[in-house]
Amino acid sequence: MELEKFSYDNEIVRKFGLATVVWGLVGMLVGIFIATQLFVPSLSFNLPFLTFGRIRPLHTNAVIFAFVGNAIFMGVYYSLPRLCKASMFSKALSNFHFWGWQLIIVAAAISLPMGFTTSKEYAELEWPIDIAIAVVWIAFGINMFGTIIKRREKHMYVAIWFYIATWVTVTVLHVVNSIELPVSFLKSYPVYAGVQDALVQWWYGHNAVAFFLTTPYLGLMYYFLPKAANRPIYSYRLSIIHFWALIFIYIWAGPHHLLYSALPYWAQSLGTVFSIMLIAPSWGGMINGLLTLRGAWDRVREDPILKFMVVAVTAYGMATFEGPMLSLKNVNAIAHFTDWIIAHVHIGALGWNGFLTFGILYWLIPRLWKTNLYSRKLANFHFWIGTLGIVFYASSMYWSGITQSLMWKQFTPQGLLQYPNFLETVLQIIPMYIIRMIGGSLYLTGVVVMVYNLFKTAKRGSFQKEEDAEAPPMELKREPFKKGSRHRWLEGKPLQFIVASLVVVLIGGIVEMVPTFLIKSNIPTIASVKPYTPLELQGRDIYIREACNSCHSQLIRPFRSETERYGEYSKAGEFVYDHPFLWGSKRTGPDLQREGGKYPNVWHYLHMENPQSMSPGSIMPRFPWLLTNDLDTSYTRKKISVMRTLGVPYPDGYENVANDDLTKQSENIALDLQKNGAPAEPNKEIIALIAYLQRLGTDIKGDSSSSVK
């Protein structure tokens, strides 16, 4: 049979590889900056765009979507054509994908520090950027599936299965979680509220980890690990079980992020059950990866590339065992809202994603530049200092998390809270934050060494933009469907494979969401809970802009330690008008769900001006601009109108007089502040924020005096 000639586009691989390295350095440097702010809060320099709350989502987005995202595309654009024995479908789409993705990252890097955020974990970007993400992602999908269709290899290798499942599922996750109504060019409200919003967000948040940080990396593992080891994958049959079980089970596990919350109990239990089941397919993948190295362990001791990959796969196994354990309610009761979770996610991020990326880069760059790695010694140094950095980082956060939980829950023999002041716990874990920063710095040092090593490698070699190849055309004769070879048949049918993957991942989401959205009794209402006043709504948006929910939760769990400290536990009906929900995922500061009336207005004013003046030792940054910025009321009318469209029962035409009510309430608060010695003006942002904070929890206490009539 005559061979067909074609070529592989190495230029697009080089572009994504360079972006991976650059954004990795940026994301990790920002991570160290915000880690340092937790014990040196003055590092914000009293600038709004440098506060922990605004910079933290910049760090997470830079690491997840810029560093890991570009690494995924680098690996896919290298491996997919070679597995399909075909050029990429379209060079134009490849370049559109690359530049579009980089522009999205730049847009995130600008908008997040400016305070344009939806407040949703891993989905903070506002609606125009969400649309851009969808367009670029679709372009990537067309390019990928076009390449698969014109392949010369009949059967799709296991790595391609994971690429397909990633694209299909991320598309569904992004669309469902990003449905929102715009208020302005960079402000929107999600269509979901309260408990429903929480369920959708953590269905997205958990599966963003599953299908952006895990499944594509498993595809990369199945391609690059056998290549680096020069051995076939251990078990084809195990890879089939691993793939289908993983994508089916993963999608159900999101509610384990909401244990002991106001989410219906049946949904919490469902998340726990499927999380425990996840251990089997996750460890199936780990075992398949590690056993591929049978008989090659002597090489592992010598080869830094295999060292990175072995530790990466091991970290994947550790993280996917710990995740299900954290979904057990007795473990979750200890770990949730603490630094334990920070340790858990960084075992995955630094170990699994980071180390596998480094191993791939060390394997790939010499091949693209047709040379040998500049220095194996430097690569080994990178491995060991990176490993040491992970140990410092994770161990300090585990210790910190356990300390937090024990102190929060400790009672005296007389039945009183041992540490009623939340700040007592914060002061105890400051040394752990310092160690965490040191661990991150060690890890970043290794990355800098890698950049130097790869630069010197490229400099000594010669890059080849187009790599010539040849292969026989794929036979078009119909393959009979034989009993016992169902999956082999499916591997030759891309369209059927896509549909099967879509059906498998949709089942869990549908089962969890339909009852929550359609059965009204699942979210009971509370008569005393009323919509926010216009001023309170404006204050809530400021709270979101400053990302206060990054450090403060608004969810009191039904534990004695929490009800003693904060007040009555949270009910589903309290959040029916919350677009978005603000339950939070970490308590760096105390819960605020019952904050209303706890302190006088002047306390909040002085606390935002200088937190240390009211809470000596506080690690909260200052927010002096809130005292001087004028409150923008030009969108009040549109906000009320959008909220009514979303089901919030504001009276017809209320938007026309909303600013009048806003002015009255702000003047009352400003007058109270002035009486207590604070030079407050009624048109400043601090007034709106105080109004919102003073509203929190008052409805459930029966005080609805501030609500709209």
Rg/Rh (Cα only; Kirkwood hydrodynamic radius) as it applies to the stretch 542-619: 0.97
If you wrap a convex hull around the Cα atoms of the stretch 401-536, how much volume per residue is inside, in Å³? 463 Å³
Angle check, please: helix 158-177 long axis (alpha carbons) against the longest principal axis of the chain (alpha carbons), in degrees 0 to 90, nearest 10. 20 degrees
Apply the Karplus parameterisation 6.51 cos²θ - 1.76 cosθ + 1.60, with θ equal to phi minus 60°, to every residue of the stretch 679-684 and state each ³J(HN,Hα) to the nearest whole Hz, in sequence, with x for glycine and proline. x, 8, 10, x, 9, 9
Hull shadow area, averaged, the stretch 286-419 [alpha-carbon convex hull, nm²]: 10.4 nm²
Computed over the Cα atoms, what is the radius of gyration of the stretch 236-282 divided by 2.2 N^0.38 Å, N being its residue count? 1.30
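If you take the beta carbon distance between THR645 and ASN668 as r and set R0 to 25 Å, what does 1/(1 + (r/R0)^6) give as a FRET efficiency, to the nearest 0.05?
0.30
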In whole Hz and in residue order, list the ³J(HN,Hα) couplings for the stretch 458-472 that follow from phi through the Karplus curve 6.51 cos²θ - 1.76 cosθ + 1.60, θ = phi - 60°; x for Gly and Pro. 5, 5, 8, x, 9, 6, 10, 4, 10, 10, 5, 8, 8, 7, x
20 Å reach of a label modelled at VAL106, 7 Å along Cα-to-Cβ, counting backbone N of the stretch 140-167: 140
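Apply 1/(1 + (r/R0)^6) to the Cβ-Cβ distance of ARG560 and LEU291, taking R0 = 51 Å, and write down the FRET efficiency to the nearest 0.05.
After rounding to 0.05, the efficiency reads 0.60.
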Within-12-Å neighbourhood charge of SER94 [Cβ basis; K, R +1; D, E -1]: +1
Distance check, please: which entries in LYS598/LYS638; LYS329/LYS701; LYS530/LYS638; LYS409/LYS586; LYS370/LYS456; LYS91/LYS370 exceed 21 angstrom between their Cα atoms? LYS598/LYS638; LYS329/LYS701; LYS91/LYS370
Could you tell me what % of all Cα pairs in the chain have separations over 38 Å? 38 percent
Would you give the gap between the C-alpha center of the stretch 223-254 and the C-alpha center of the stretch 145-188, rounded to a whole Å? 19 Å
Can you tell me the length gained on complete extension of the stretch PHE411 to GLN612, counting 0.36 nm per residue apart and subtracting the Cα distance? 69.7 nm
Whole-Å semi-axes of the stretch 1-132's equivalent ellipsoid, largest first, each the root of 5 times a Cα gyration tensor eigenvalue? 37, 15, 10
Fraction of the pair-distance distribution of the stretch 534-695 above 26 Å, Cα-Cα pairs, percent: 30 percent
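Can you put THR563, THR214 in order, fewest other beta carbons within 10 Å first?
Ascending Cβ contact count within 10 Å gives the list THR563, THR214.
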For helix 279-291, what angle does its Cα long axis make with the longest principal axis of the chain, in degrees from 0 to 90 and rounded to 10? 40 degrees
Full-extension gain between ASN230 and GLU424, please, as 0.36 nm times their residue separation minus the C-alpha to C-alpha distance. 64.4 nm
In nm, give the distance between the simple-model label positions of ASN522 and GLU466, each being 7 Å from the Cα along the Cα-to-Cβ direction. 5.5 nm
Whole-Hz Karplus couplings 3J(HN,Hα) for the stretch 267-276, θ = phi - 60° and coefficients 6.51, -1.76, 1.60, Gly and Pro as x, run 5, 4, 5, 4, x, 5, 4, 6, 5, 5
The set of residues whose placed amide H lies less than 5 Å from the amide H of ALA678, leaving out same-chain residues fewer than 5 positions away, is none
Taking every alpha carbon pair in the stretch 174-246 and sorting the distances into 10 angstrom bins from 0 up to the bin holding the longest one, the percent per bin comes out as 16, 31, 23, 16, 12, 2
As a footprinting exposure proxy, order TYR192, TYR654, TYR635 by other Cβ within 10 Å, with the fewest listed first. TYR635, TYR654, TYR192
Just add up the charged neighbours of ARG545: K/R +1, D/E -1, any other residue whose Cβ is under 13 Å from the Cβ of ARG545. -3
Between TYR452 and ASN656, what is the label-to-label distance in nm when each label sits 7 Å out along the Cα-to-Cβ direction? 7.1 nm
Given R₀ = 51 Å, FRET efficiency for ILE241-ASP632 by Cβ-Cβ distance, to 0.05? 0.35
If every Lys and Arg gets +1 and every Asp and Glu gets -1 at its Cβ, then about the Cα centre the chain yields a dipole, in debye to the nearest 20, of 2440 debye
Charge dipole magnitude, Cβ of K and R +1, D and E -1 - the stretch 534-695, Cα centre, debye nearest 20: 480 debye
Report, to the nearest 10°, how far helix 236-250 tilts away from the longest principal axis of the Cα atoms in the chain, using its own Cα long axis and a range of 0 to 90°. 20 degrees
Computed over the stretch 211-268, Kirkwood Rh from alpha-carbon pairs, angstrom: 13.8 Å
So who's got an amide H within less than 5 Å of the one on GLU4, skipping anything under 5 residues away but keeping other chains? H placed 1.01 Å off N, in plane. ALA471
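Here, each number is a calculation from the coordinates, and none is a lab measurement. Predicted model, so just to flag it, every value in this text is computed and none were measured. Cβ atoms come from the backbone with ideal geometry, glycine included; neighbour counts cover every protein chain shown.
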